[in-house]
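Working notes, beginning with the structure itself.
The values are calculated or read from the model by the stated rules, or taken from the named source; none is laboratory data. As the structure is a computational prediction, the values presented were derived from the model and not from experiment. With ideal geometry, Cβ positions are generated from the backbone for all residues, glycine too; neighbour counts draw on all protein chains shown. The area values use the complete protein model at the heavy-atom level, side chains included, leaving out ligands, DNA and RNA. Shrake-Rupley method; radii C 1.70, N 1.55, O 1.52, S 1.80 Å.
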Amino acid sequence: MTLAPEVILSELIKINTVNPPGNETAAALYLREVFAAAGIPGEVVEPEKGRGSFIARIGTGERKLLFLSHLDVVPAGEGWDCDPFSGKIENGYVWGRGALDCKGLVAAEAYAVLQLAREGRPLNGTLIFAATADEERGGTYGVKYILEHCPEKIRADFAVNEGAEEPLYLNGQMVNFIQAGEKGTAWSRLEARGKACHGSVPGLGDNAVLKMVRALNALAQYRPAVVLIPEVEELLRGIARILGLDVEVRAENVEDLIARLEDRTFAETLRAITRMTVSPNVIQGGTKTNIVPDTCEARLDIRILPGQDLDYVLGELQRYTGGDVTVEVANYHPPTFSPTRNPYYRLIEETVREVTGQGTVCLPYISPGATDSRFLRAAGIPAYGVNLMAEGFDPEIRTTVHGKNERIDVKSLYKKAEFLVALVKKYLD
Ligand SMILES: [Zn+2]
């Protein structure tokens, strides 16, 4: 008997892999045991003590498909209705941190590999399974490390990973997404400098906090230009079609289209993938109530689209903050994309249609955030995010990712696995 995916998931949730510190090796060793029991050898790649990733493969041959996922999770936070590391299975749900991001996918991918191995049908190629460390904090000990030190372990023709939205119900129709790209980051730092003096005679100084407040207020008025990349244009056209809106999708009417969506979470996501976003999330200045501060710093989370490089970001920030603060980009990653017009994308799309039934819709998707797929793409491996859920799943659970009461319905775990098995049977047949 193959272990059920809900059991694998429950066991993985019980292994605390909150990153930092991660401790993914414990979860990697659990998977090694599960695979070994099914006769599949695997290895734990551990660049630093405790930071293990598990890699296994079945089949041999030229063609290679990679199932990627990650073992680490973000901290649980407060306010849960149950222990976030209980892995409780109740009323058709598995509860706990990582149920959706990303241990649910780990379990579904593992279950798919085990099922294929049990069937014993020879594969025309190699299926690689990699559940890696450190996705939530930049991949240094996970995918990034593996690609830098032993890329042959995960090199594949293409990869399936996390990264797409869960399906949406629009006009009673289930819409599935295939993530083909991710926005880039240009985290930036603003600094205001002034002159310190005693707080009782503030006129003698030059208050850096006030300078920063003026700069941020000006930045709050910034309205980034709408940029429609082809994948997003196709996504928006699909949405307009399903909603029966008779509009031609152009940059000028994107706002109207977004305003007509009932699902505000999805609407804001669409807003984020149609422009650069700028969010001042940290501000620090001053040390003491009676000292006029001479420095103040702000840190901005900025996410960029293709065509928005370092110079563009700096130019926009300088233009909107005025000359009173200095601007620097501290952490820059360009956006990454995989083609939507290639055989791999088409194969995924065909398989999604097949396992979700007649009449379902499948649209390309761009993520406003980043996943490990960006490293694969930079290494020349096309990577796609697929996030199928079972018909009738509760869309409310989408809000539990990185939040409280994270959970997944068991049926959706089987749906994910069904897709993965079908994809392997098509590609490695
Ligand atoms: Zn994730």
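Charge tally around residue 39: other residues with Cβ under 14 Å, Lys/Arg +1 each, Asp/Glu -1 each, net +1.
Checking the a/c ratio against 1.5 first, then a/b against b/c, what shape does the Cα gyration tensor give for the range 44-108? Taking the square roots of the gyration eigenvalues as a ≥ b ≥ c, the range 44-108 is oblate. Note on the chain: with neighbouring protein chains present and a 1.4 Å probe, carbon and sulfur make up 49 percent of its accessible heavy-atom surface. 3J(HN,Hα) along the range 402-411: 6, x, 8, 6, 4, 7, 9, 7, 4, 4 Hz, from the Karplus curve 6.51 cos²θ - 1.76 cosθ + 1.60 with θ = phi - 60°, whole Hz, x for Gly and Pro.
With the convex hull drawn around the C-alpha atoms of the chain, the volume per residue stands at 159 Å³. Here the relative contact order of the range 369-418, from alpha carbon pairs under 8 Å that lie six or more residues apart, stands at 36 percent.
Principal semi-axes of the equivalent ellipsoid, √(5λ) from the alpha carbon gyration tensor of the range 1-123, are 26, 18, 11 Å from largest down.
What is the pair-distance distribution P(r) of the range 141-184, computed from all Cα-Cα distances in 10 Å bins starting at 0, with each bin given as a whole percent? For the range 141-184, the binned pair fractions read 21, 35, 27, 13, 5 percent.
Spin-label model, residue 289/residue 4: points 7 Å from Cα along the beta carbon direction are separated by 6.0 nm. Express in nm, to one decimal, how much length is gained between residue 119 and residue 63 on full extension, taking 0.36 nm for each residue of separation and deducting their alpha carbon distance. Fully extending the segment from residue 119 to residue 63 adds 18.2 nm. Enter the angle in degrees (range 0 to 90, nearest 10) between the Cα long axis of helix 230-242 and the first principal axis of the Cα atoms of the chain, meaning the one along which they spread out most. Value to nearest ten degrees: 70.
Computed from Cα positions, the angle between helix 310-321 and the longest principal axis of the chain comes to roughly 40 degrees.
The Cα center of the range 163-203 and the Cα center of the range 212-236 differ in position by 10 Å.
The modelled label-to-label distance between residue 237 and residue 402, using points 7 Å beyond Cα along the C-beta direction, is 3.1 nm. Annotation: amide H of residue 304 within the under-5 Å range of 184, 185, 186, sequence separation 5 or more or interchain, hydrogens built in the peptide plane. What residues of the range 218-259 lie in the reach of a label at residue 319, counting those whose backbone N is under 11 Å from a point 7 Å from the Cα along Cα→Cβ? 223-225, by backbone N distance to the label point. Based on the inverse mean of 1/r over its pairs of different Cα atoms, what is the Kirkwood hydrodynamic radius of the range 93-188, in Å? After inverting the pairwise mean of 1/r, the radius is 16.3 Å.
Once the Cα-Cα distance is subtracted from the 0.36 nm per residue extended length, the residue 250 to residue 189 segment shows a gain of 18.7 nm.
Based on the Cα coordinates of the range 249-310, what is the per residue volume of their convex hull in Å³? Could you put the intermediate results ahead of the total?
Working: hull volume 9.0 nm³, N = 62.
Output value, Cα hull per residue: 145 Å³.
Counting only Cα atoms, the range 332-382 measures 42, 22, 16 Å along its principal axes, largest extent leading. Here each label is just a point 7 Å from Cα along the line to Cβ, and for residue 330 and residue 260 those points are 4.2 nm apart.
The shape of the range 181-256 can be summarised by an equivalent ellipsoid whose semi-axes, obtained from the alpha carbon gyration tensor, come to 47, 14, 8 Å from longest to shortest.
If each DSSP helix of 4+ residues adds -39,500 (n - 2.57) and the sum is divided by the residues in the chain, what number results at 222 nm, nearest 500 deg cm²/dmol? Walk me through the intermediate numbers first.
Details: 12 runs with 139 residues, N = 429.
Calculated mean residue ellipticity at 222 nm is -10000 deg cm²/dmol.
Pairs of lysine residues in the range 279-429 that meet both criteria, 8 or more places apart or on different chains and Cα atoms under 30 Å apart, total 8. You can think of it this way: the chain between residue 297 and residue 378 has 25.9 nm of extra reach, that is 0.36 nm per residue less the Cα-Cα gap.
Compute the accessible area per residue over the range 183-332, keeping the other protein chains in place, probe 1.4 Å, unit Å².
Values: 7880 Å² over 150 residues.
On a per-residue basis, the range 183-332 sits at 53 Å².
Figure legend: label point modelled 7 angstrom from the Cα of residue 44 along Cα→Cβ; residues of the range 68-105 with amide N under 17 Å from it are 70-73. Per-residue 3J(HN,Hα) values for the range 199-210, derived from phi via the Karplus relation 6.51 cos²θ - 1.76 cosθ + 1.60 with θ = phi - 60°, read x, 7, 10, x, x, 7, x, 9, 7, 5, 5, 5 Hz in sequence order (x marks Gly and Pro).
Working with all protein chains in place, sort 326, 269, 295 by solvent-accessible area computed with a 1.4 Å probe, largest first. Write out the running numbers ahead of the final one.
Values: 326 85, 269 20, 295 50 Å².
Sorted by accessible area, descending: 326, 295, 269.
Note: the range 183-332, Cα convex hull, 120 Å³ per residue. The 3J(HN,Hα) values that the Karplus relation (6.51, -1.76, 1.60; θ = phi - 60°) gives for the range 366-380 are, in residue order, 10, 8, x, x, 10, 10, 5, 4, 5, 6, 4, 4, 5, 8, x Hz. Gly and Pro appear as x.
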